[in-house]
1. Using the basic label-point model (7 angstrom from Cα toward the beta carbon), what is the Ala232 to Ser42 distance in nanometres?
2. Where is the GNM fluctuation largest for the chain (alpha-carbon springs, 10 angstrom cutoff): Trp124, Trp136, Trp235?
3. Evaluate the charge dipole of segment 44-178 about its Cα centre and quote only its size in Debye, nearest 20, assuming +1 on the Cβ of each Lys and Arg and -1 on the Cβ of each Asp and Glu.
4. Contour minus end-to-end for Lys111 and Gln29, with contour as 0.36 nm per residue of separation and end-to-end as the Cα-Cα distance?
5. I'd like the projected area of the chain, averaged over all directions, using the convex hull of its alpha carbons. Report it in nm² with one decimal.
6. Residue farthest toward the positive end of the dipole of segment 50-177, with Cβ of Lys/Arg at +1 and Asp/Glu at -1: which of Ile142, Gly57, Leu118?
7. To the nearest 10 degrees, how steeply does helix 119-128 sit against the main Cα axis of the chain, on a 0 to 90 scale?
8. Can you give me the % of accessible surface on the chain that is carbon or sulfur? Probe 1.4 Å, all protein chains present, nothing else counted.
Amino acid sequence: MKTKTPILILILFIGSIISSEIKAQNSEQLFIKANELYNEHSYDSALVVYEMIMNKGLSSAELYYNLGNTYYKLRNYPMAILYYEKSLKLNPNDEDTKHNIDIAREFISDKIEPVPELFIKSWWNNLTNTFTINTWAVISLIIFGFLLLSVFLYLTSRTRILKKSMFFTSIIFIILTICTFCISTKKYNYINSNNEGIIITPTITVKSSPSSSSVDLFVLHEGSKVKILDQAGDWEKIKIANGSIGWLPTSTIIKY
């Protein structure tokens, strides 16, 4: 069996880098073009270009935010809410996105009051949403670096006072490393999960089981946000903000 020569491997490696750079440049040019079309009030054309970028497999909070704004201008409020939610998933503290999603929700029928969260859960969510996943990853690496430094100083110190202080410092950094790693992992899993969705059917009745002949529970309208709990065939088990649970056909929800 023939093997690739080092030169061929190097050529392929360089080619992949160049291809990635060209792809990024093309996407950046498309993004600028889409923004220009949006500013010219050519919302249909801007939408096509934004979706071209997304179909290349690229995603960002800015791209989803602009898509949300475009759908909002086209008065497609459920899709606007969907992309605002996707943007907030990547950048949960962006005030412009929060403001715009609140405005878009004024145009949907359902006004669902959320169940109050426990203090500890609310505090933990606020803490994890303080920074983006990339920032948390950097913080975790920096703290881990300090941990290694404190361990090194503990092992090499010759005085009892320094050794003792580095011992307790190392314990603190171990705890901080574990906490920041857990937060980074939680945010990574959340961003890559697909367990939330937006209703896209004008009106749909939530069922008690995954069958059209089961008992009617309550009615939802397009634009409402649901959490996906389970799936059975072409049905999704959903939960809404007030705690109500039921089943909906998969075709009535866009998951994200």
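1. Distance between label points: 5.0 nm.
2. Judging by the Gaussian network model, the answer is Trp124.
3. Magnitude of the dipole: close to 980 debye.
4. Roughly 25.6 nm would be gained on extension.
5. For the chain, the mean projected area of the Cα convex hull comes to 22.6 nm².
6. Ile142
7. 70
8. 62
The values are calculated or read from the model by the stated rules, or taken from the named source; none is laboratory data. All values derive from a computational prediction rather than experimental measurement. No Cβ is skipped: glycine too gets one built from the backbone with ideal geometry, and neighbour counts run over all protein chains shown. Quick note on the areas: whole protein, heavy atoms, side chains included, nothing else; ligands and nucleic acids left out. Shrake-Rupley method; radii C 1.70, N 1.55, O 1.52, S 1.80 Å.
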